[in-house]
Number of protein chains: 2
Amino acid sequence: MNIPSKLIQDAVNEFTKLPGIGKKTALRLVLHLLNQPEEQAEQFGTAIIKMRKEIVYCKDCHNISDADSCSICSNPGRDKTLVCVVENIRDIMAIENTNQFRGTYHVLGGVISPLDGIGPEQLNITSLVSRIDRKEVKEIIMAISPTMEGDTTIFYVSKLLAEKPVNITTIARGVAFGGELEYTDELTLARSIASRMPYENYLIRKK
Amino acid sequence: MNIPSKLIQDAVNEFTKLPGIGKKTALRLVLHLLNQPEEQAEQFGTAIIKMRKEIVYCKDCHNISDADSCSICSNPGRDKTLVCVVENIRDIMAIENTNQFRGTYHVLGGVISPLDGIGPEQLNITSLVSRIDRKEVKEIIMAISPTMEGDTTIFYVSKLLAEKPVNITTIARGVAFGGELEYTDELTLARSIASRMPYENYLIRKK
């Protein structure tokens, strides 16, 4: 496409760097912003720059935050002895949306993936260990995606914490509520039978 | 969704103002920018602000431009006596992509649409008339979408220019190349029969 202005071309190029945005969509977005009042475009650009520049990560759990300690860690109503270890911030939002979990979190910032050059030292694992050493954490829930890399990460962390006085659990794997048995993959189905649970527990979960 | 930071929330809100971007997509884009180096986010924001602030419109044709006169109007190889009237800048890009048109353009900036509060005075019609008065424009091609509003606009402009020494034409309406007769709407099909053309012209167009 022949864009008759370098300014527009630059803005389009910036948009196409975002995931899932191609050249045509980028042009549509840029021309939309062009039709808006100048303040609107200014506000848009400033919000992005400000967000990236001023964002702080919680010193305890590495969640995004506006202050030194995030809204979850600084909430006296949350159970500090229960820590849910997640891959990224979106996982926290997903779990928070369930309104069921009253503990705190720890964001690893990824999973161990040698192919992508991500080893344990790139992740927030040291701070998890020192959190356990420092505070009265009683249980660590590993809420990591059940992929090859996720399982490796869970294995690494559990090995590392084996000597510590802390309980390590993982979130339950099984057939999803609303999911149909015949469309569930074999691994999940086999594991869900192997790790079957008493019917009373099922009733509790359904509530 | 519960976003634990006002900075992120603000950035997400700005993204959702763009057409076709919902809350989930906006969050994905913002978290992507958050993972990029600070310069990347800065470059993104600055490109948008700069684009909106410094963009100039060509004084003749109202095309977007980096200078007083756009690259098409200032090109001595383009035929200034032939002016193609379009609705917006994207139409110019679409026509330019065909590499067939060697004339110049005039961007109306929309079509007459009383329901949306757009009358002739909101469009760049006065400047079109003065362009015709001032320069040696011989032919005006109305390349406006064949909608109710588009047809109204064509009618209005042609009435206005009726007394001027200028030829007014519209782009051909008909069955698209590659289109199948049986799936063409009745209006287009009926008109394409009424405005049939000599076979020799068809051969020229196919080239």
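The values are calculated or read from the model by the stated rules, or taken from the named source; none is laboratory data. Note that the structure is a prediction, hence the values are computed from the model and not measured. All Cβ positions, even for glycine, are placed from backbone atoms using ideal geometry, and neighbour counts span all protein chains on display.
Listed by first and then second residue, the pairs with beta-carbon distance under 6 Å, at least 6 apart or on different chains, first residue in region A:96-115 and more than 16 Å from residue A:170 (Cβ to Cβ) and in the same structural domain as residue A:129 (by TED's automatic domain parsing), second assigned to a loop (DSSP other than H, G, I, E, B) and among the aliphatic types (A, V, I, L, M), are A:104/A:72; A:109/A:123; A:110/A:123. For first residues located in region B:183-202 and among the aromatic types (Phe, Trp, Tyr), partners that are outside any helix (DSSP H, G or I) and surrounded by 10 or more Cβ atoms within 10 Å (Cβ to Cβ) and lie 6+ apart or on another chain with Cβ distances below 8 Å do not occur. State yes or no: is residue B:64 touching a residue at least 12 places away in the same chain (Cβ under 8 Å) and within 24 Å of residue A:27 (Cβ to Cβ)? Considered against the rule, which asks whether it is touching a residue at least 12 places away in the same chain (Cβ under 8 Å) and within 24 Å of residue A:27 (Cβ to Cβ), residue B:64 comes out as yes. Considering region B:32-42, the residues that are surrounded by fewer than 18 Cβ atoms within 10 Å (Cβ to Cβ) and touching a helix residue (DSSP H, G or I) at 6+ places or on another chain (Cβ under 8 Å) include one that is nearest to residue A:52 (Cα to Cα), namely B:38. The residue pairs whose first member lies in region B:150-165 and is assigned by TED's automatic domain parsing to the domain that holds residue B:118, whose second member is modelled with pLDDT under 90 and acidic (Asp, Glu), and whose beta carbons are closer than 8 Å, counting only pairs six or more residues apart or on different chains, are B:164/B:133.
Criterion applied to B:184, B:152 was being in contact with a Pro (Cβ under 9 Å, 6 or more places away or on another chain) and among the polar types (S, T, N, Q), and the one residue passing it is B:152.
If only residues of region B:12-21 that are in a loop (DSSP other than H, G, I, E, B) and among the hydrophobic types (A, V, I, L, M, F, W, C) are counted, the one that is farthest from the other protein chains (Cβ to nearest Cβ) is B:21.
When region A:53-64 is filtered for residues that are facing another protein chain (nearest Cβ under 7 Å) and either buried (at least 17 other Cβ atoms within 10 Å of the Cβ) or not charged (D, E, K, R) (or both), the ones remaining, listed by number, are A:55, A:63, A:64. Could you tell me whether residue A:46 is among the polar types (S, T, N, Q) and either under 16 Å from the mean Cα position of the chain (by Cα) or on the phi > 0 side of the Ramachandran plot (or both)? No; evaluated as a whole, the condition is false for this residue. Taken as a whole, region B:1-11 holds at least one residue that is assigned to a loop (DSSP other than H, G, I, E, B), surrounded by fewer than 20 Cβ atoms within 10 Å (Cβ to Cβ), facing chain A (nearest Cβ under 8 Å) and not hydrophobic (A, V, I, L, M, F, W, C).
Table: residues versus (1) in contact with a Lys or Arg (Cβ under 8 Å, 6 or more places away or on another chain); (2) not β-branched (Val, Ile, Thr).
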{"position": "A:98", "(1), (2)": "no, no"}
{"position": "A:104", "(1), (2)": "yes, no"}
{"position": "A:112", "(1), (2)": "no, no"}
{"position": "A:121", "(1), (2)": "no, yes"}
{"position": "A:132", "(1), (2)": "yes, no"}
{"position": "A:135", "(1), (2)": "yes, yes"}
{"position": "A:142", "(1), (2)": "no, yes"}
{"position": "A:149", "(1), (2)": "no, yes"}
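Collect the residues in region B:43-52 that are closer than 30 Å to residue B:131 by Cβ and either surrounded by fewer than 21 Cβ atoms within 10 Å (Cβ to Cβ) or more than 7 Å from chain A (Cβ to nearest Cβ) (or both), keeping them in residue-number order.
Answer for region B:43-52, where residues must be closer than 30 Å to residue B:131 by Cβ and either surrounded by fewer than 21 Cβ atoms within 10 Å (Cβ to Cβ) or more than 7 Å from chain A (Cβ to nearest Cβ) (or both): just B:50.
Residue-by-condition table, conditions (1) hydrophobic (A, V, I, L, M, F, W, C); (2) exposed (fewer than 12 other Cβ atoms within 10 Å of the Cβ):
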residue: A:129; (1), (2): yes, no
residue: A:138; (1), (2): no, no
residue: A:149; (1), (2): no, no
residue: A:152; (1), (2): no, no
residue: A:158; (1), (2): no, no
residue: A:170; (1), (2): no, no
residue: A:180; (1), (2): no, yes
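Filtering region A:81-90 to residues that are in contact with a strand residue (DSSP E or B) (Cβ under 8 Å, 6 or more places away or on another chain) and either closer than 20 Å to residue B:35 by Cα or outside the structural domain of residue A:137 (by TED's automatic domain parsing) (or both) leaves A:85, A:86, A:87, A:88, A:89. Applying the criterion of being more than 9 Å from every other protein chain (Cβ to nearest Cβ) and surrounded by fewer than 16 Cβ atoms within 10 Å (Cβ to Cβ) to the residues of region B:79-93, the residue that is nearest to residue B:140 (Cα to Cα) is B:81.
Take residue A:67 and decide whether it is outside the structural domain of residue A:132 (by TED's automatic domain parsing), of a type in the set (Gly, Ala, Ser) and buried (at least 16 other Cβ atoms within 10 Å of the Cβ).
In short, no.
Scanning region A:185-196 for residues that are outside any helix (DSSP H, G or I) and not hydroxyl-bearing (Ser, Thr, Tyr) yields A:185, A:196. Condition first: more than 8 Å from chain A (Cβ to nearest Cβ) and more than 18 Å from residue A:63 (Cα to Cα). Now tell me which residues in region B:22-36 satisfy that. Within region B:22-36, B:22, B:23, B:24, B:26 meet the criteria.
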